[in-house]
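The values are calculated or read from the model by the stated rules, or taken from the named source; none is laboratory data. Model, not experiment: these values are computed from the prediction. Here the Cβ positions follow ideal geometry from the backbone for every residue, glycine too, while neighbour counts run over all protein chains shown. SASA here: full protein model, heavy atoms, side chains in, ligands and nucleic acids out. Shrake-Rupley method; radii C 1.70, N 1.55, O 1.52, S 1.80 Å.
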Amino acid sequence: MNLFGNGVNVLLKKVTSLLLAIALVPMAAFSAAAAPVAPKAVQNAVKVEYNKKQIAFPDQAPIISQGRTLVPIRPIAESLGFEVKWNEQTRTVTINKGKDNIRLVVTQKIANKNGQTINLDVPAQIVNKRTVVPVRFIAEALSYKVDWDPKTQTVLIADNVNGNQVGQQEKPKDPAKPATDEKKPETQVTLFEKDSIEGKKVNVFAYYQVTGKVEADSEVVVVLGDDTFEVEVNKDGTFKFQHEGEHDGIRSFTLKAEKDGKQDTVDGEFIAQ
């Protein structure tokens, strides 16, 4: 009787049974585990169309942040025929078309269009080295019609057929209408003496300073980042605003003046001292 031979036979039978059991496991289980899952961000990608033609974003797509749709400004503005320039030192975007000029500073909730201030619901910001702005900026600063299709997650941009569109000529008035019905064109009002405006950032004492001269009896405010401060104006129109710290990184400012219903706005940059 060969006990050693019988033991080997039993061991071989057990190994064979184990291999057979593994071979019978459904392959679907392995396939399910290996199936890739599409990222949620890709499934819900935001698209932008201009006159029903999709705008391409080569390196940074539009995003939804805190319930707000933010879009890269350069591809859109250039698709609309604007010239876009970026100043890295002041972190300022300048957009030009014809006689129209729009200026936007990153982290500020305001834009400047042809000397007039436009308030934004959220500030412009940098994402993946690209400046993104709220969709509202396209409508209010560039003066295009903007709609939102929630089903397709698409921003719909169209020409503003109501006239007064940036970069386009206003439609001619109906000659049959009385002249009294026509609005008189607004003229640019100058309250500030532009050459007198100066902004300094004194690093040693950590404060910001804005000085200049405005038409006497004007009410003046200065905007630093998201904050607005009243400025005391002397009887001769000179003023000196000074504010300490809290706004590290701010490189530009906006001055606003108002008198007898007239308004004037000046944008300036701080010079480090």
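One residue stands out among those in the stretch 224-247 that are of a type in the set (Val, Ile, Thr) and out of contact with any Leu (no Cβ under 8 Å at 6 or more places or on another chain): the one that is modelled with the lowest pLDDT, which is Thr228.
Among the residues of the stretch 66-78, the ones that are open to solvent by 40 Å² or more (accessible area, probe 1.4 Å) and modelled with pLDDT under 90 come to 3 in all.
Each row is one residue, and each column tells you yes or no for (1) over 22 Å from Gly268 (Cβ atoms); (2) touching a Pro at 6+ places or on another chain (Cβ under 9 Å).
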site: Val105; (1), (2): no, yes
site: Ala111; (1), (2): no, no
site: Thr117; (1), (2): no, no
site: Leu120; (1), (2): no, yes
site: Val133; (1), (2): no, yes
site: Leu142; (1), (2): yes, no
site: Lys145; (1), (2): yes, no
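If only residues of the stretch 95-109 that are surrounded by fewer than 21 Cβ atoms within 10 Å (Cβ to Cβ) and farther than 18 Å from Glu78 by Cβ are counted, the one that is modelled with the lowest pLDDT is Lys109.
Might you let me know whether the stretch 237-246 holds any residue that is in a loop (DSSP other than H, G, I, E, B), over 22 Å from Gln116 (Cβ atoms) and either hydroxyl-bearing (Ser, Thr, Tyr) or open to solvent by 30 Å² or more (accessible area, probe 1.4 Å) (or both)? Yes. May I ask you to say which residue of Ile126, Ile138 is within 13 Å of the chain's Cα centre (by Cα) and open to solvent by less than 20 Å² (accessible area, probe 1.4 Å)? The unique qualifying residue is Ile138. Within the stretch 86-118, the set of residues being free of Cβ contacts under 8 Å to residues at least 12 places away in the same chain and among the polar types (S, T, N, Q) comprises Asn87, Thr94. Determine whether Val133 is in contact with a Leu (Cβ under 7 Å, 6 or more places away or on another chain), assigned to a strand (DSSP E or B), surrounded by 14 or more Cβ atoms within 10 Å (Cβ to Cβ) and touching a residue at least 60 places away in the same chain (Cβ under 8 Å). Here the answer is yes, as Val133 does meet what is asked. So which residues in the stretch 48-65 are modelled with pLDDT under 90 and among the charged types (D, E, K, R), if there are any at all? Result: Lys52, Asp59. Screening Lys200 against (1) in contact (Cβ under 8 Å) with a residue 24 or more places away in the chain; (2) under 23 Å from Gln116 (Cα atoms); (3) of a type in the set (D, E, K, R) leaves a single unmet condition, (2). Can you find even one residue in the stretch 73-85 that is in contact with a helix residue (DSSP H, G or I) (Cβ under 7 Å, 6 or more places away or on another chain) and touching a residue at least 60 places away in the same chain (Cβ under 8 Å)? For the stretch 73-85, residues in contact with a helix residue (DSSP H, G or I) (Cβ under 7 Å, 6 or more places away or on another chain) and touching a residue at least 60 places away in the same chain (Cβ under 8 Å): present.
Note on the stretch 253-269: residues that are assigned to a strand (DSSP E or B) and at pLDDT below 85 total 0.
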